[in-house]
Amino acid sequence: MNRRNLLASLLGTMAAGCTRIGETAPFAWAVDQAEGLHRIAHRAIGGPRPLAREYPPSAISADFRGNGSTDVPTPAYRAHQAAGFANWRLSVGGLVERPLSLTMADIRGLPQRTQITRHDCVEGWSAIAQWTGPQLGPILDRAGLLPDARFIVFRCADLLYGAPYYESCDLADAFHPQTIIAHRLNGGDLPVKNGAPLRLRLERQLGYKHAKYLTGIQAVASLEGFGDGNGGFWEDRGYQWYAGI
Amino acid sequence: MKKRHALATRLWHWLNALCLIVLLMSGLNISNAHPWLYWGDAGFQPARAWAAVPRFPHWMTIPDHYSLAVARDWHVLFAWIFALSLLAFMLASLRNRHFARDLVTRRREWRVRPILADISAHLRLRFAAHGAKYNFLQKLSYGVVIFVLLPLMILTGMAISPGADAAWGWLGQALGGRQSARSIHFITAAALTGFTIGHILLVLLSGPWGQMRAMIGGGRRDEQA
């Protein structure tokens with residue numbers, strides 16, 4: 001056996017062994033602890049409400065990349081698209097005192113926040129864009145969260161690999177000032193590839209948390225009952241729920 | 001009898017070795033998700049990358065097939081073990097004077113002639129440390145690894161993380177932006193891999209049996225090499 005093969009077989013044994021360990025319950029438990037510790041540490045070192053960095057207009061990336069679902073090829077969505085999304089509605093329900101059904105005019109009529117932020121994909125790349133939309137916090141206040149509400153679930157129109165896309169966050173992130181329901185990108189209407197007509201901006205977390213093609217917002221006490229119960233489409237496929245790292 | 005390596009040094013050495021291997025192998029899997037490196041804050045078009053990284057074969061990645069989700073699990077778990085054990089080792093080494101006694105270089109060691117003599121001795125595979133535990137080149141390389149490269153892995157890792165970046169934005173800006181931090185994370189990992197290979201080769205050339213015994217059991221203080 002030559003040296004190269006020896007190295008390959010040593011590392012290969014390590015890789016295979018770790019793969020087995022990675023499939024065990026204690027490993028999953030340890031990863032959950034590490035993920036929670038990262039979330040607590042991020043919030044501890046930044047003070048109560050750190051803002052993600054906002055950039056000058058000169059930093060905006062040319063052609064903001066569309067990733068994941070870049071279209072919703074259903075007759076219903078095509079009809080909305082043809083009507084310029086004039087009839088699109090965003091429902092706000094679950095554990096709230098007053099369920100809402102917001103029209104696009106309602107959403108445009110709320111106080112708006114515009115922010116130029118960096119979008120960080122879990123794969124490693126980044127792109128900078130300007131987003132405009134109402135903050136999520138005041139919308140939730142208008143609906144009135146019930147005391148049992150602990151998470152906000154975001155329902156989407158798109159299917160990815162045949163399954164409905166969805167996401168969720170805790171109340172600290174839902175009420176963060178930079179958490180907005182964006183309907184504009186770089187000064188124009190949100191393009192279809194980027195989630196028209198409405199998408200979540202959950203700055204301080206990775207791209208897969210920023211659910212596109214939003215149809216509904218639901219306040220819940222537990223993430224069970226949505227998908228496989230892990231709090232999101234990619235979370236059900238093994239990705240971390242806290243995507244701040 | 002005084003030990004050649006303190007217990008804290010030995011425990012950290014092996015725990016850190018495990019962390020570096022797991023972090024490197026899971027990191028190579030993560031790299032395969034988007035094997036291009038950029039400078040600045042943003043970067044997503046391979047045509048604008050300064051480096052296209054090779055795709056790493058599965059025998060050198062954790063897990064042993066492409067899985068960004070599982071590779072990230074290993075990476076974020078061992079990041080904690082790596083960072084906290086480095087912190088504990090640093091505190092212990094200040095307390096037991098390992099840094100002050102064994103790693104701090106003296107002014108007289110920074111002269112050209114003795115340094116050249118030390119390099120030449122290494123090239124001739126003679127590794128006597130005159131009186132001190134480590135020779136100048138050892139102090140320099142261990143010092144760079146412990147005080148520059150390992151902390152840089154943690155700081156660049158934090159600058160890549162959007163949550164930590166929101167809390168400590170100055171860090172990402174000091175490193176030149178998120179994509180620059182990601183590039184430096186990669187380059188530093190390559191430097192640490194190079195150090196580790198050199199370190200293992202030198203151990204093999206300088207009496208591996210005694211070196212291993214000393215780093216496991218502690219060895220004797222007066223022992224050379």
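What to note about this one:
- The residue list B:TRP80, B:TRP170 contains one member that is closer than 24 Å to A:ASP173 by Cα, more than 9 Å from chain A (Cβ to nearest Cβ), of a type outside the set (S, T, N, Q) and part of a helix (DSSP H, G or I), which is B:TRP170.
- Test: residue in segment B:85-98 that is assigned to a loop (DSSP other than H, G, I, E, B), of a type outside the set (Gly, Ala, Ser) and either more than 30 Å from A:ASP63 (Cα to Cα) or at the interface with chain A (Cβ under 8 Å from one of its Cβ atoms) (or both): yes
- Selection within segment A:166-193 - polar (S, T, N, Q) and touching a Phe, Trp or Tyr at 6+ places or on another chain (Cβ under 6 Å): A:SER168
- When we screen A:GLY232, A:GLY144 for residues that are out of contact with any Cys (no Cβ under 8 Å at 6 or more places or on another chain), farther than 21 Å from A:ILE116 by Cα and crowded, with 19+ Cβ neighbours inside 10 Å, the only hit is A:GLY232.
- Here A:GLN130 clears all of (1) under 30 Å from B:PRO35 (Cβ atoms); (2) touching a residue at least 24 places away in the same chain (Cβ under 8 Å); (3) within 12 Å of chain B (Cβ to nearest Cβ); (4) polar (S, T, N, Q) except the condition numbered (3).
- The residue list A:GLY227, A:GLY162, A:GLY244, A:GLY231 contains one member that is not assigned by TED's automatic domain parsing to the domain that holds A:SER91 and not hydroxyl-bearing (Ser, Thr, Tyr), which is A:GLY244.
- Flag for B:ALA174 being at pLDDT 95 or above and more than 24 Å from the chain's Cα centre (by Cα): no
- Single residue of A:GLY238, A:GLY207, A:GLY227, A:GLY216 found to be away from chain B (no Cβ under 14 Å), surrounded by fewer than 23 Cβ atoms within 10 Å (Cβ to Cβ) and either over 17 Å from A:ALA149 (Cβ atoms) or at pLDDT below 95 (or both): A:GLY227
- Scanning segment A:22-69 for residues that are more than 9 Å from chain B (Cβ to nearest Cβ) and in a helix (DSSP H, G or I) yields A:ALA25, A:PRO26, A:TRP29, A:ASP32, A:GLY36, A:ILE40, A:PRO57, A:SER58.
- Contacts under 6 angstrom Cβ, first residue in segment B:178-195 being surrounded by fewer than 18 Cβ atoms within 10 Å (Cβ to Cβ) and aromatic (Phe, Trp, Tyr), partner part of a helix (DSSP H, G or I) and modelled with pLDDT of 95 or more, 6 or more apart: B:PHE195/B:VAL145
- Of the numbered criteria (1) assigned to a loop (DSSP other than H, G, I, E, B); (2) under 13 Å from the mean Cα position of the chain (by Cα), the one A:HIS176 fails is (2).
The values are calculated or read from the model by the stated rules, or taken from the named source; none is laboratory data. Keep in mind it's a predicted model, so treat the numbers as computed, not measured. Glycine gets a Cβ as well: all are built from the backbone with ideal geometry, and neighbour counts include every protein chain shown.
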